[in-house]
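K.L.:
To start, I am sharing the structure in question, which I have written as structure tokens.
Each reported figure results from applying straightforward, stated rules to the coordinates on display, with no laboratory input. Here the structure is a predicted model, which is why all the values come from computation and not from measurement. Cβ: placed from backbone, ideal geometry, glycine included. Neighbour counts: every protein chain shown.
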Amino acid sequence: AAGVIQSPRHLIKEKRETATLKCYPIPRHDTVYWYQQGPGQDPQFLISFYEKMQSDKGSIPDRFSAQQFSDYHSELNMSSLELGDSALYFCASRPRQGAQNEQFFGPGTRLTVL
Amino acid sequence: AQKVTQAQTEISVVEKEDVTLDCVYETRDTTYYLFWYKQPPSGELVFLIRRNSFDEQNEISGRYSWNFQKSTSSFNFTITASQVVDSAVYFCALSEATSGGSYIPTFGRGTSLIVHP
């Protein structure tokens, strides 16, 4: 069965650089969620999109922005990277006809900021 | 205040021992969902179970079992006859409805389970 695809899987950046993380939801999933998990921490919700519109907003820094495109893939853009942005970034998607609580997580992108 | 409390930061057991991971949650909603996820060293989040607030039936899946008790706001997870492959961080999560009507999980801090051979 198809799963959520995240790319890249690993990314190394320098401080003050920018990074773009991509998420490709499972086919026929129209909602995408982004989470950030710092080292030794629990995943924290950043932002979500439904039908290309932002639906919920969590603890996303102002330096980050995200969008969902017409093919339902989503990108998380991170600017002026800081050491504290080093984390595992998860994307999750929800089926079009699925229950509100149902999310399928991707494998994550591990971002390291040096 | 933490909505999901996993008081055990780390548990160490020897293979074949039974182990219970505790989860206590806090919510004012009558409709909510509880989850357990496993995060092995490779990092991915593996979904284990979802329970809604109206279903207090305990569940067993192989060596895994879950005990949901609304009276004590707990959703504990037991692994019977633990194996080395069970070594991972286990997260309990609570989903409540947001103002937008969706359910976003709030995770506990996780319990690191180490199973020694």
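K.L.:
Under the rule of at least 5 residues apart or a separate chain, name every residue whose amide H is placed under 5 Å from the amide H of A:Arg96.
P.N.:
A:His29, A:Asp30
K.L.:
Which whole-Hz ³J(HN,Hα) couplings does the stretch B:50-58 yield from phi under the Karplus relation 6.51 cos²θ - 1.76 cosθ + 1.60, θ = phi - 60°, glycine and proline marked x?
P.N.:
Karplus-based 3J(HN,Hα) across the stretch B:50-58 equals 10, 10, 9, 5, 9, 10, 8, 5, 6 Hz.
K.L.:
Now, a different point. What ³J(HN,Hα) values, in whole Hz, does the Karplus curve 6.51 cos²θ - 1.76 cosθ + 1.60 give for the stretch A:102-114 when θ = phi - 60°, with x put for Gly and Pro?
P.N.:
After applying 6.51 cos²θ - 1.76 cosθ + 1.60, I find 8, 10, 10, 8, x, x, x, 10, 8, 9, 10, 10, 9 Hz.
K.L.:
Quick one: the Cα spread of the stretch A:21-83 along its three principal axes, in angstroms, biggest first?
P.N.:
That works out to 35, 23, 18 Å along the principal axes.
K.L.:
Taking θ as phi - 60°, what are the ³J(HN,Hα) couplings along the stretch B:11-24 by the Karplus curve (6.51, -1.76, 1.60), each to the nearest whole Hz, with x for Gly and Pro?
P.N.:
10, 10, 9, 9, 3, 5, 6, 8, 9, 10, 9, 8, 8, 10
K.L.:
Report, ordered by chain and residue number, the aspartates and glutamates lying within cross-link reach of A:Lys22, taken as a straight Cα distance under 20 Å and ignoring same-chain residues fewer than 8 apart.
P.N.:
Cα-Cα hits under 20 Å: A:Glu14, A:Asp30, A:Glu51, A:Asp56, A:Asp62, A:Asp71, A:Glu75, A:Glu82, A:Asp85, B:Glu44.
K.L.:
For the protein assembly as shown, go through all pairs of different Cα atoms, get the mean of 1/r, take its inverse, and jot down that Kirkwood value in Å. It would help to have the intermediate numbers written out before the result.
P.N.:
Values: mean 1/r = 0.0545 Å⁻¹.
Answer for the protein assembly as shown: a Kirkwood hydrodynamic radius of 18.3 Å.
K.L.:
Note down the Stokes-Einstein diffusion coefficient of the stretch A:51-94 in µm²/s, whole number, using a Kirkwood radius over alpha carbon pairs, 37 °C, and 0.692 mPa s.
P.N.:
Details: Rh = 11.9 Å.
So the translational diffusion coefficient is about 275 µm²/s.
K.L.:
Let me ask something else about it. Counting Lys and Arg as +1 and Asp and Glu as -1, what is the net charge of the other residues whose Cβ lies under 13 Å from the Cβ of B:Gly110? List each step's numbers first, then the result.
P.N.:
Values: positive: B:Lys38, B:Arg109; negative: A:Asp42, B:Glu10, B:Asp22.
Taking every other residue near B:Gly110 into account, the sum is -1.
K.L.:
Quick one: plug the Kirkwood hydrodynamic radius of chain B (C-alpha pairs) into Stokes-Einstein at 4 °C, 1.567 mPa s, and report D in µm²/s.
P.N.:
It comes out at roughly 89 µm²/s.
K.L.:
Sort largest first and round to whole Å: the equivalent ellipsoid semi-axes of chain A, each the square root of five times a Cα gyration tensor eigenvalue. Could the numbers behind the result be given before it?
P.N.:
Working: eigenvalues 108, 37, 33 Å².
Rounded to whole Å, the semi-axes are 23, 14, 13.
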